[in-house]
Amino acid sequence: MRWRAEKHTPFLLLSPAILTILFVVAIPLAFSLYTSMTPYKLTKPDTINTFVGLRNYVRLFSDDKFWWAFGRTILFLAVALNLEFILGLGIALLINRITWGQRTLRTMMMFPMMFSPILVGFQFKYIFNDNIGILNNALQALGITDGSIAWLVDKPLGMISIITAEVWMSTSVFAILLLAGLFAMPRDPLEAAKVDGCNPWQVFRHITLPFLMPFAFIAMTIRSLDVARAYDIVDVMTGGGPAGRTEVLWTLIARVGYDNSKMGEANAMAYVSTLLSVAFTYYFFTKLVAARRYMGGAE
Amino acid sequence: MASINLNTVVKRYGKTEVVHGINLDIAHNEFVVLVGPSGCGKSTTLRMIAGLEDISGGEIRIGDVLVNDLPPRKRNISMVFQNYALYPHMSVRENLGFGLKIAKRPPDEIVRRVDEAADILGLTELMERTPAELSGGQRQRVAMGRAIVRQPGAFLFDEPLSNLDAKLRVQMRTEIKKLHQKVKTTVVYVTHDQVEAMTLADRIVVMKDGHIEQVGTPMEVFNHPVNTFVASFIGSPPMNLVPARIAGGEVVLADDTRLPVPGRLAGRVTDGQEVILGIRPDDMTPVGHGIHDSGEGAMLSLPVELAELLGTETLIYTRLAGQEAQGKMFDPRDVEPGEVLEFRVALDKVHLFDAGTGRSVRLD
């Protein structure tokens, strides 16, 4: 019996994994790649048989709306990640100095991560609401403003509001990873730097921060994937509007794919978005590997 | 270049006092070794000099400047740590030059001084490597290089060789000695290894439980220990200490073995005084096997329990008045357990300590 041959055994043993990956990942991926090259509309299933090559991609690249969403996603990513890094670093440094109640604070710090993004979105939608929102109420009660500010409608403010919600929810990812880094940090180099003539800021800048960077890059990798596919929080707060002012890639993709039922075009966008995520992950991962190299084996 | 003065320096952690009012004057360019068992306060004292620990009481002066409230960077010192404490993300060159860079020295001066230090320590080939790519001995050398590059007033060493293997430790010990001869600077060196202390120090400071027990040159500390602790701590193998009593001008051991009281100590003891007899293994040597018996000293017949051949000498484990004791035989031959040997005790080198206080009777 040829099937009994020993060289087939590994494949046989791996077949559950291979089949799962095939049906769950590979086939849908190939299928969506194919549909991104058809004018596939959900309302006209036959259109899936018309092959149009790269026409969807060509149309996409000459579409201003797409490029705006693309650029806004990158801006969203850059601002949110940097803010989260800086705030997370601050929180981690503060918690690291606490000697009493550290565990409790560490747990409390994680609370925002435990909420669903949908709920966080709703919460901030109410905070930022121009009629009944608590923020406008507070500003007016304190006499800082007279009229109401349209937080979710105004052009730059809409994006700022969404970023605020995102930062509130996910800063603790940075904080917890950087805190782990601070706990793992050896004390000797810090003391050596003090003796070598560093003031506290220089110790932080030249010794602590470089040591923490690998941890920051891990957080960046995780978070860049998260933010690049941001959909729920944006959809709940503004739905990408008004007039597309807060449209990011995935809200646009959902609109084109499901509302306009142009699945072919939406899939083409999704592919571009996936490549963007891969690019970010690759970038941070290279940085991480470079930063880790000198840490390996060092005492 | 600086002297270091400690004036009744105290260290407390909460209510626990770990260093009890230490006084110590270290001269300019002197190599001083703080030695003692772990927990004796030697590292804490060094870290107070460095400014890495607060001083709970007393005064520390470096080069006549009161440094009690100065941060480490303003004390003009450099330190070599037990775990090397290299900066893992910097190359050897950057590690060496870091202190100068922070001090904002001009780049060409940094390069010159770093190259100089690298040359002294044989690091020239390793300049572009990171600490992770170095062996233990190389890391140790970089740590020392980082210290000398800055040309500080004083070097502080905190057990720098304890993470190295035995062979490398001996080699680095020699290098530190040579380095001090090349780069004349005040050095304070902490170790628990009395051999390092003996070989490196101009002066040894023996510490125990937060007190200084004795300060002196290696020969003083070795030849004239002030008490039983110093006697047993300095010297390897340690001094044999046997309880005894003075009776009729003789030292009488528990099993009625009698040795005459050495002439130089005759006036220092009184009849009936309880004492501890101290004999270094080197001063208790078997005779009659190729070694001529000069007839000096006192003789003891003792059975061999165990013999350790060390090459040029053999360490003999025996029992003196019920106490474990060691002697040294400089006659290379096999010794069988149970064999009875005639040991000659060099009486002029015998020590007597008061049994109550542990102090050498020489001092009373």
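The values are calculated or read from the model by the stated rules, or taken from the named source; none is laboratory data. Given the structure is predicted, the values throughout are model-derived calculations rather than measurements. FYI the Cβ positions are ideal-geometry reconstructions off the backbone, even for glycines, and counts take in every protein chain you see.
Annotations
- Filter result for A:N267 (out of contact with any Leu (no Cβ under 7 Å at 6 or more places or on another chain) and surrounded by 21 or more Cβ atoms within 10 Å (Cβ to Cβ)): yes
- Filter pass, A:L81 being in a helix (DSSP H, G or I), surrounded by 16 or more Cβ atoms within 10 Å (Cβ to Cβ) and at pLDDT 90 or above: yes
- Sole residue being touching a residue at least 60 places away in the same chain (Cβ under 8 Å), more than 26 Å from B:T44 (Cβ to Cβ) and away from every other protein chain (no Cβ under 12 Å), chosen from B:I120, B:I110, B:I62, B:I148: B:I120
- A single member of A:A291, A:A228 is under 20 Å from the mean Cα position of the chain (by Cα), closer than 23 Å to A:S172 by Cα and surrounded by 17 or more Cβ atoms within 10 Å (Cβ to Cβ), and it is A:A228.
- Among the residues of the stretch A:155-186, those that are within 14 Å of chain B (Cβ to nearest Cβ) and in contact with a helix residue (DSSP H, G or I) (Cβ under 6 Å, 6 or more places away or on another chain) comprise A:G181, A:M185.
- Looking only at the stretch B:13-38, and only at residues there that are free of Cβ contacts under 8 Å to residues at least 60 places away in the same chain and farther than 24 Å from B:K178 by Cα, the one that is farthest from the other protein chains (Cβ to nearest Cβ): B:G21
- Residues that are more than 20 Å from B:E324 (Cβ to Cβ) and either surrounded by 18 or more Cβ atoms within 10 Å (Cβ to Cβ) or under 30 Å from the mean Cα position of the chain (by Cα) (or both), drawn from the stretch B:245-262: B:I246, B:V261, B:P262
- Breaking point among (1) within 12 Å of another protein chain (Cβ to nearest Cβ); (2) within 29 Å of the chain's Cα centre (by Cα), for B:A132: (2)
- Residue match in the stretch A:214-234 (condition: part of a loop (DSSP other than H, G, I, E, B) and more than 26 Å from A:F70 (Cβ to Cβ)): no
- When A:L182, A:L157, A:L178, A:L142 are checked against the criterion of being buried (at least 20 other Cβ atoms within 10 Å of the Cβ), over 13 Å from the mean Cα position of the chain (by Cα) and farther than 18 Å from A:L119 by Cα, a single residue qualifies: A:L178.
- Residues satisfying the stated conditions in the stretch B:65-93, i.e. more than 10 Å from chain A (Cβ to nearest Cβ) and more than 22 Å from B:V188 (Cβ to Cβ): B:V92, B:R93
- Which listed residue, of B:M127, B:M90, is more than 32 Å from the chain's Cα centre (by Cα), in the same structural domain as B:K184 (by TED's automatic domain parsing) and under 28 Å from B:S43 (Cα atoms): B:M90
- Some residue of the stretch B:45-57 being surrounded by fewer than 24 Cβ atoms within 10 Å (Cβ to Cβ), among the charged types (D, E, K, R), more than 8 Å from chain A (Cβ to nearest Cβ) and over 30 Å from B:F229 (Cα atoms): no
- Of the residues B:F353, B:F330, the single one that is of a type in the set (F, W, Y) and buried (at least 20 other Cβ atoms within 10 Å of the Cβ) is B:F353.
- Evaluation of A:W100 against (1) free of Cβ contacts under 8 Å to residues at least 24 places away in the same chain; (2) in a helix (DSSP H, G or I) (one fails), failing number: (2)
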